[in-house]
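For reference, the structure discussed in these notes is given below.
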Amino acid sequence: MYASREDIGYDFGDDSKGGSKPVKLNPNIDGGWAWMVVLSSFLVHILIMGSQMALGILNMEWLEEFNQSRGLTAWVSSLSMGITLIVGPFIGLFISMCGCRKTAIIGGILNALGWILSAYASDVHYLFLTFGVTAGIGSGMVYLPAVVMVGQYFQKRRALAQGLSTTGTGFGAFLMTALLKYLCADFGWRNAMFIQGAISLNLCVCGALMRPLSPKDFVSEKCVLRSNSKDNQAKALSHSAESIKSNGVLSEELEKKEAATNEEVLGSVQHVELGGKSRSGRSMSGLRVLKTVSQLTVTVRKGFAMWYSSYFGAASLFTNRVFVAFIIWALFAYSSFVIPFIHLPEIVKQYNLSTQNNIFPLTSIIAIVHIFGKVILGIISDLPCISTWNVFLMANFTLVTCILTLPLMQTYVSLTVVCALIGFSSGYFSLMPVVTEDLVGTKHLANAYGIIICANGISALFGPPFAGWIYDITHKYDFSFYISGLLYMVGIIFLLIQPCIQKKQPREKSVEGAQV
């Protein structure tokens, strides 16, 4: 249904047999409550990503209020967008310890707090802390669980589910832009941010909908079979539920050692509690508190051990070469999507196309087609005969081609065509969680995808300022698109090279064995 690890060309050591019998999964997998999780993720994208794409409204208000330079004021929005993604790896630690539901609820409260405190800002630097950092971290704590939970609840239609949930970004861009315009016009920007903070509390409701699956549902994934419509040959998809052998994730021995330690600690506390039944109620309360603290300590230790081993241990995610190439690609890719949103209005003004653009803005065209691109690419990737990896690469090639050719378009019609292609091809964002999960497995999706969106955050944080710096030197936006497009192409080349290397390695080993 989606790109298998064989399609990507990476050996994950799967030992599943073609004749294995599929295990019956939780009825909520690919149905039932899974669609409530999609709805939750959809609303998260509206409230977080949609709001961030509408920050241009508030940026104009801040420029007028604080009388600061455009560059300094723009860092407020840039910090919020960048930190939302950059904190991904650290949010993976919270997910390991608390789970997606609790992490998202805490993040919703933090995000709302950031909006509300920003309403009392006395200068731009105050907004750096309240809106850029506080609201940004809160957004990251909700965004990552929203993506991870959809990946956990879907197997057969994962690409479609991710596509539907992420369309909330496009819808949110329209809804939040109209909402913030209305609130700023009628109530002022400070009251608008206060009201938006109250609306953001709905992120806690979205987090409450992220009902966790039981551990047995993940173990059974190892026996799930994929069907091919042409030859009906079953292919096993192993998600490294217990260990990732040579390419890294947590070893089974580490988990067993942690489990033994946990049982020993909890057992000693329970023994003390049983021995103290004859004591006073005050002593029993103290023992219960001690037991709770011990359980919390065990949970934190286990979560940190999993998080640390995934990133820095001997069996680290970074030993997966294709995944490392994926990170390098992410460092260059996201800025190529963000830069047009930032600089297109100025380009249109330089070409004297403001009249046509005011009727139907080019950025709106990108947002609208982006919605359809996510859904359509998700549907195509779920077809039995289609590889998600190949769809992902084709969409990237289309997007980088559009970025490189956009400076050559100087009419509104030609710019409209290119922007529509940018919007459609950038729909591959909905495939990123699917590709990431195929690379590392469901169990480590949170940590792995956290790294990917962290790389995207770095790209979003420094990409637009870099493009503006190039314009200050050359007084043209052409070179900004050319340089970002070439860097983007370098990332795509890394994705193409690594699978080829992985396919050649087994052959080289077999030749060496034959010589011996």
I need the calculated FRET efficiency for the pair LEU175 and GLN410, taking r as the beta carbon distance and R₀ as 22 Å, to the nearest 0.05.
0.10
Could you sort HIS475, HIS45 by their accessible area in this structure, using a 1.4 Å probe and putting the largest first?
HIS475, HIS45
For the range 27-212, report the accessible area per residue in Å² (1.4 Å probe, heavy atoms, rounded to an integer).
36 Å²
Going highest first, how would you order 331-340, 353-362 by mean Cβ packing within 10 Å?
331-340, 353-362
Take ARG190 and THR401, extend 7 Å from each Cα along the Cα→Cβ direction, and tell me the distance between the two endpoints in nm.
5.3 nm
At R0 = 22 Å, FRET efficiency that the Cβ-Cβ distance of LEU63 and TRP469 yields, to 0.05:
0.65
Rank by packing, highest mean first: peptides 85-93, 135-143, with packing defined as the count of other Cβ atoms within 10 Å averaged across residues.
135-143, 85-93
What FRET efficiency would be calculated for the residue pair ARG211, LEU290, taking the C-beta separation as r and a Förster radius of 22 Å, to the nearest 0.05?
0.10
Simple spin-label estimate for TRP35 and SER364 in nanometres, 7 Å along Cα-Cβ:
3.2 nm
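The values are calculated or read from the model by the stated rules, or taken from the named source; none is laboratory data. Here the structure is a predicted model, which means the values were calculated and not measured. Positions of Cβ are backbone-derived with ideal geometry, glycine not excepted, and every protein chain shown enters the neighbour counts. Protein only, heavy atoms only, side chains kept; ligands, DNA and RNA dropped before computing areas. Shrake-Rupley method; radii C 1.70, N 1.55, O 1.52, S 1.80 Å.
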